[in-house]
Amino acid sequence: MSEKTFYLETFGCQMNVHDSEKVVGTLLQEGYRQVETVEQADLVLYNTCSIRDKAEQKVFNRLSDYKKYKKQGKTFGVLGCVAQQEGEKIFERAPYVSLVAGSASYHKLPQMLRQLEEAQSRNSVSDFASSTSTEGAPPFAVFEGWESMLPVANDLSAAKSTEKPVGKPTGVKSSGQKPVADSLIRITGLDDRETDKCFETEFTARTNPHRGYITIIEGCDKFCSYCVVPYTRGKERSRTSASVLAEARQMADLGYTEIQLLGQNVNSYKDSEGNSRLRKSFAELLAAVGEVPGIRRVRFTTSHPRDFGRDIVDAIDAVPTLCDHVHLPVQSGSTRMLDAMQRLYDRDQYLERIAWMKAAKREISITTDMIVGFPGETEADFAETLSLLDEVGYDAVFAFKYSPRPNTPSIKLEDAIPDEEKARRLDVLMARQREIQIIRYKKYIGSKCEVMVEGRNEARAQWIGRTTHNKTLNFTASATANPNTNPKAGSYVPVVVTGSFPNSLLGELVV
Ligand code: 5AD
Ligand code: SF4
């Protein structure tokens, strides 16, 4: 049997990156080999993000670039948030796509892949792949998932219609039917947003050998008014602490020293462990992961202020391996805007959480996400966001212009703030934050930090390290003339900070 190859491109957040690691592992397990270019691949997968901007348009543009490859018999699949959001529209606009699956269906990926292969092998006798036109198309195969989305008609003649052969799924089950065009084989995994299942696989192909992600909770039940995630990733479902800890131990055995616990909202983690005596809160799970022998650093993202408990700060105080960094997205400094965004906390409650962190035994670096130009945001609201920057003293801010997203409550609000004004607010915010960071980063000069070595920048003759505060610390190792004692990627070394920039630190290895 000839070897099956796949190419996977990933966009978006860490959740998507980690989903892709699990998808890759699953494909390898199914006998596929990963290749580095679309040209080399039989199966081309595109893991998409729809959190902001016109993400779906970008996906359709990319798919239209791929169209030419269909003539070479390649199979295309769209995964992730745009797949879930656009659903059958993807088949309408890109009929050469064969697989559309949202993340809540990934647990069924092996079955979906096998269905795809079976359908293709049934078709191998016919050479429809050379045609990307849907005109006069033969009946198309409809598989699991599709039927639950849309009614399936029995009238095969409709499928021969040139009016609109795709999008209205007049289809037949593939078994026992004559071959159908490869371009019209459709596997969908879109009906699982209500699933209770997590995408757990033993076959995660992690890209970094030292630092790895573990998903602890999938989906989101918060429904912030601007956010597409609850619609694309489905409802909240947590893994058992036993399974998370088993994965952490397995990673430690494989030599990983840093673990990042992932979820859209890790703070609403609810252990589904059967034995109630063993059930852990998020803070307890965090501490337990930090106590796994061999694990030196544990991070977690993302937190929601409403669910962020003081016990997390207590855990950081108690367990030295928990990193001195919390990412706590605020979105706005104005209580009025937080209310409009349905964030479920006000400015004072947010600041209370900041105060817990500032009272911690170790200095915790705090980072956040902000949205500017949400409908109705006045100059006074924006001024409150700026004053929050000063009050908190963030170590990094990820700021975005509001963009209306399909299905979200805020899409009904008029997006009245012009793009130029959103851009202006973004610039003002980032300029203010830059000043704050210059001051904050300068404070590290003269101090000694332990870094995990991430690699080397040959052009600058510097090593790249990361501190527990999640800061990049580039350093030289002048005293180490012997290349055998050079720092190695994944090792932890002490570095004294000699200089600072708004986004990184500079240092010298301590020998
Ligand atoms: N517009 C702009 N920014 C958004 N984010 C999420 N949805 C939107 C949107 N519709 C930002 C939030 C979130 C981060 C991951 O992306 O700041 O925390
Ligand atoms: Fe989106 Fe809000 Fe859920 Fe975060 S907490 S993923 S912003 S709905």
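Here, each number is a calculation from the coordinates, and none is a lab measurement. Note that the coordinates shown come from a computational prediction; the quantities given were computed from them, not determined experimentally. Backbone-built Cβ (ideal geometry, glycine too); neighbour counts: all protein chains shown.
Brief remarks follow.
- Positive-end ranking of VAL82, LEU63, SER50 along the dipole of segment 39-102, with charges on Cβ about the Cα centre, is headed by LEU63.
- Low-density loop positions, trypsin sites (Lys or Arg not before Pro), segment 23-61 - DSSP coil, at most 12 other Cβ in 10 Å: LYS54
- Largest-first principal axis extents, alpha carbons of segment 318-472, Å: 50, 40, 30
- Of ILE295, VAL97, THR215, farthest towards positive along the dipole that unit charges on Lys, Arg, Asp, Glu beta carbons give the chain: ILE295
- Amide proton proximity set for LEU505, modelled H, under 5 Å, gap of 5+: THR472, LEU473, ASN474
- Acute angle (nearest 10 degrees) that the helix 241-253 long axis makes with the longest principal axis of the chain, alpha-carbon atoms: 80
- Karplus 3J(HN,Hα) series, Hz, for segment 310-325 with 6.51 cos²θ - 1.76 cosθ + 1.60 (x for Gly, Pro): 5, 4, 5, 5, 4, 5, 4, 4, 7, 10, x, 6, 6, 5, 7, 8
- Extents of segment 1-101, taken as max minus min of Cα coordinates on every principal axis and listed largest first, are 41, 31, 20 Å.
- Ranking of ARG362, ARG343 by count of other Cβ atoms within 10 Å, fewest first: ARG362, ARG343
- Table column - 3J(HN,Hα) (Hz), segment 222-232, Karplus curve with 6.51, -1.76, 1.60, x for Gly and Pro: 7, 6, 4, 5, 9, 9, 8, 4, x, 8, 9
- Taking Cα atoms only, the orientation of helix 379-392 departs from the longest principal axis of the chain by about 60 degrees.
- Test item: Cα-centred dipole of the chain, Lys/Arg +1 and Asp/Glu -1 on Cβ, debye: 620
- For segment 252-323, the normalised intensity computed at q = 0.15, 0.19, 0.28 Å⁻¹ comes to -0.49, -0.78, -1.31 (log10 of I(q)/I(0), Debye sum over alpha carbons, equal scatterers, no solvent).
- For segment 231-367, radius of gyration divided by Kirkwood radius, i.e. Rg to Rh on alpha-carbons: 0.99
- Here is the short version for the chain: CYS13, CYS49, CYS81, CYS198, CYS220, CYS323, CYS449 have no other Cys C-beta closer than 4.7 Å.
- The chain: angle of helix 347-358 to the longest principal axis, Cα-based, in degrees nearest 10: 60
- For segment 330-371: span of alpha carbons on each principal axis (Å, largest first): 35, 17, 12
- Couplings 3J(HN,Hα) for segment 333-339, derived from phi with the Karplus relation 6.51 cos²θ - 1.76 cosθ + 1.60 (θ = phi - 60°), are x, 9, 4, 4, 6, 4, 5 Hz, where x marks Gly and Pro.
- For ALA399, residues with placed amide H under 5 Å, excluding near neighbours: MET370
- In plain terms, the C-alpha convex hull of the chain casts an average shadow of 26.7 nm² when viewed from every direction.
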